[in-house]
Amino acid sequence: MRQLHAGGPSGLLGTGASGSLWALSLKGQAPRRIANGIDAATHIATGHGRIAARAADGGLWVWEESGEGGRASTSPPSRSANLSVHAGLLILPLAVLAVVTASPRPADPLGHRLARFEPDPDGRWREVARSTDAVLPDARPVQVDLDARGDGGHIAVLAGPDGSRYDHGVLGDAIEATRVLWLERHGLDVLRELSLPAPHVFEDIAPRPVVLPGAQVGRGLLTVRSGPDGGQLALVTADPVRPRGLRLAAVGDTVGGYHRWLAPTTDGRHLAAVHTPHIDGVLHVYQPEGERLTRRRLQSDVSTHRIGTREIDLAAWLQGLLMLPSQDGRQLRLLNPAADWAELKVISLPGRATQTAALHHAEALAVLLDDGQVVLVGPTARMPSRG
């Protein structure tokens with residue numbers, strides 16, 4: 001397997017190296033092939049009875065549940081359906097959002113937009129809206145209610161791609177975001193935005209929605225701001241003064257040094273990050289205090305990211321516990337936030353973890369190993385089960 005994703009008819013999906021999509025059994029049964037011709041390098045998405053993926057030819061592929069075991073449909077072959085490699089997909093009740101290549105040159109960092117696809121009466125998925133602003137080529141949009149509107153929320157996405165400000169390239173390329181956009185989910189018009197002045201960037205691909213404790217302005221976004229002094233955890237919220245603005249509500253201290261990075265992880269309430277995950281990774285937990293995010297050192301010898309990849313968070317939050325790999329990826333460390341982050345146990349893996357998927361309904365964690373195997377681990381399990 002090349003990719004894992006929680007969801008689908010069996011609760012866990014896997015994409016094979018050849019582009020086949022599988023429903024993986026959680027009970028030891030044989031996997032069921034759903035489709036062929038899927039781009040194995042791009043994440044899939046699930047929700048509202050659908051699976052969405054980038055097809056091998058670059059088009060949008062959508063599978064929908066039906067009485068006959070599901071059916072697949074695609075977007076019509078056109079330039080508007082040329083989905084960006086490595087970008088994320090987002091399924092809404094009536095649509096699928098995807099990053100599309102808007103330029104004749106796919107490598108053009110400014111040639112990518114967020115697009116909304118809806119099915120026509122014949123079930124063919126067609127583009128109905130597109131953002132006017134360029135987004136990251138590998139952006140992963142998320143739905144979040146930043147204004148506490150109670151309407152399900154709108155779309156946050158990292159934008160303003162720039163290839164010259166910060167040449168770190170830790171997330172697969174040297175193109176970094178300089179803006180955060182909050183887009184209306186139907187027409188993809190800008191509701192709120194934040195632009196960073198040079199030389200800073202958002203060294204991230206997917207902002208993480210978090211609850212703001214004691215606040216009355218909805219949710220915020222957890223991300224990474226990087227610059228000459230390295231990366232720092234950043235909390236972005238709606239600006240209470242500017243109706244169309246977002247703001248950096250709080251930031252943590254820098255990791256310490258140019259090209260030093262930290263990998264955030266959150267369950268939506270706890271704020272944490274692994275500092276320098278590629279060199280002696282150390283887990284820290286953060287607490288908002290006014291305009292600062294104060295940190296506390298917790299655990300060394302951990303890593304939630306492999307350098308040069310777009311798997312930005314190998315940690316998982318399950319049954320109130322934080323599960324994250326060791327530095328070499330061959331163990332899982334289980335920490336309990338409710339017990340002052342005490343380490344409960346360490347689970348050995350039969351290989352190096354390259355991707356994880358939390359299966360909340362099964363109270364288990366699916367782990368993809370570097371040899372393509374999948375194992376299931378439960379917080380109370382003694383040994384992983386091979387899949």
Exercise. Over the range 314-387, calculate the relative contact order: mean separation of alpha carbon pairs under 8 Å at least 6 apart, over the residue count, as a percent.
Key: 23 percent
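In the range 195-283, which chymotrypsin sites (Phe, Trp or Tyr not before Pro) fall in coil by DSSP and have 14 or fewer other Cβ atoms within 10 Å? It would help to have the intermediate numbers written out before the result.
Details: sites: F202, Y258, W261; in loops: Y258, W261.
Listed in order of number, the matching sites are Y258.
How much length, in nm to one decimal, is gained on full extension between S18 and D122, taken as 0.36 nm per residue of separation minus their Cα-Cα distance?
On the way: separation 104, 0.36 × 104 = 37.44 nm, distance 2.94 nm.
The S18-D122 span can extend by a further 34.5 nm.
V241 to A30: FRET efficiency via 1/(1 + (r/R0)^6), r the Cβ-Cβ distance, R0 56 Å, to the nearest 0.05?
Values: r = 58 Å, r/R0 = 1.04.
That gives a FRET efficiency of 0.45.
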Exercise. State the label only: which of [x] 76, 52, 52; [y] 62, 61, 38; [z] 54, 52, 38 corresponds to Cα extents along the principal axes in Å computed from the shown model?
Key: [z]
Quiz prompt | Test item: Cα-centred dipole of the chain, Lys/Arg +1 and Asp/Glu -1 on Cβ, debye | solution = 420 debye
Quiz item: Can you give the extra length, in nm with one decimal, that the chain gains between S195 and S348 once fully stretched, where that is 0.36 nm per residue apart less the Cα-Cα distance?
Solution: 50.8 nm
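Full-extension gain between E64 and S164, please, as 0.36 nm times their residue separation minus the C-alpha to C-alpha distance.
On the way: separation 100, 0.36 × 100 = 36.00 nm, distance 4.15 nm.
Separation in residues times 0.36 nm, less the Cα-Cα distance, equals 31.8 nm.
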Quiz prompt | Inter-probe distance in nm under a simple model that places probes 7 Å from Cα toward Cβ, at R130 and Q143 | solution = 2.4 nm
Quiz item: How do H86, H270 rank when sorted from fewest to most other Cβ atoms within 10 Å of their own Cβ?
Solution: H270, H86
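A short reminder: the numbers here are calculations on the coordinates, not readings from a lab. Owing to the predicted nature of the structure, the values given are computational and were not obtained by experimental measurement. Counting neighbours? That spans all protein chains shown, and the Cβs are built from the backbone with ideal geometry, glycine included.
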